[in-house]
Amino acid sequence: MRWWLCLLCLSCVLAQEPADLADQQPDPAKPAVQAQTTPASDGQPSTDEVLGDKRVIQVYFLHPYLDGLVKVDREIFLQGQIENMVKQAIDQLTIAPDPGIGLVVWPPNTYVREVYALKDGTLVVDLDGGFLRQVPSGSTRELMMVYSLVHTLLHNFVGYSQVEILVDGHVSETLTGQVDIESPLHPGSNFLVVKAEGIVQGLSPVQVPDPPRQ
């Protein structure tokens, strides 16, 4: 009799197991809950942190009274790649400082197609030819445009020793018809740089036409 009662109890347990197992299976109608994990930090700043950091650079403008360039402090964002920071520096060349400090020679519609930082120490700046055709001609203005760009870039970006200027992706004889830019350019020293707080001997007064208005 006891063995019969044992078999009866065992059969009841086995009959109950499928229902219990079914209760443990996920309901397809209910979305699975996924664990939320926080990615491990790799020690690098986030994009927002990088964009929030700035550095001070020296931008070269035409001296308001003398034939030379003067440095003006400006800020740019640290955006990782040097090409992005070079574009920011060039953009600063189009923003006029106080007229008593310096004069802008790059027009507000200056457009940089691309910038390339080469391993041989050359910064290549590819300019759009459209805005250059609107720049008033003149050897003094063009000379100041070229060397304000060259000095601004080479003064602020360590490791680069020359600037090559392209127009519409190609080597050009001149920027606007006067100054030779066929070869990579280096900082000029025979007419640069004017100290902001004083007059430097050997420099003569100069007048540069205003950039075209849009």
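The values are calculated or read from the model by the stated rules, or taken from the named source; none is laboratory data. In this text the structure is predicted, and so the values were computed from the model without any measurement. Every residue, glycine as well, gets a Cβ built from its backbone with ideal geometry; the counts of neighbours run over all protein chains shown.
Quick look at the values:
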| item | result |
| --- | --- |
| Selection within the range 73-83 - aliphatic (A, V, I, L, M) and surrounded by fewer than 19 Cβ atoms within 10 Å (Cβ to Cβ) | LEU78, ILE82 |
| Candidate set: the range 124-139, residues that are in a helix (DSSP H, G or I) and more than 18 Å from ALA96 (Cβ to Cβ); chosen: the one modelled with the lowest pLDDT | SER139 |
| Test: residue in the range 196-212 that is in contact with a strand residue (DSSP E or B) (Cβ under 7 Å, 6 or more places away or on another chain), among the hydrophobic types (A, V, I, L, M, F, W, C), in a loop (DSSP other than H, G, I, E, B) and modelled with pLDDT of 60 or more | no |
| Which numbered condition GLY121 fails, given (1) without any contact (Cβ under 8 Å) to a residue 60 or more places away in the chain; (2) in contact with a Leu (Cβ under 7 Å, 6 or more places away or on another chain) | (2) |
| Options ARG74, ARG113; residue that is at pLDDT 95 or above, in contact with a Leu (Cβ under 8 Å, 6 or more places away or on another chain), of a type outside the set (Ser, Thr, Tyr) and assigned to a strand (DSSP E or B) | ARG113 |
| Residue match in the range 151-172 (condition: assigned to a helix (DSSP H, G or I), more than 20 Å from the chain's Cα centre (by Cα) and at pLDDT 90 or above) | no |
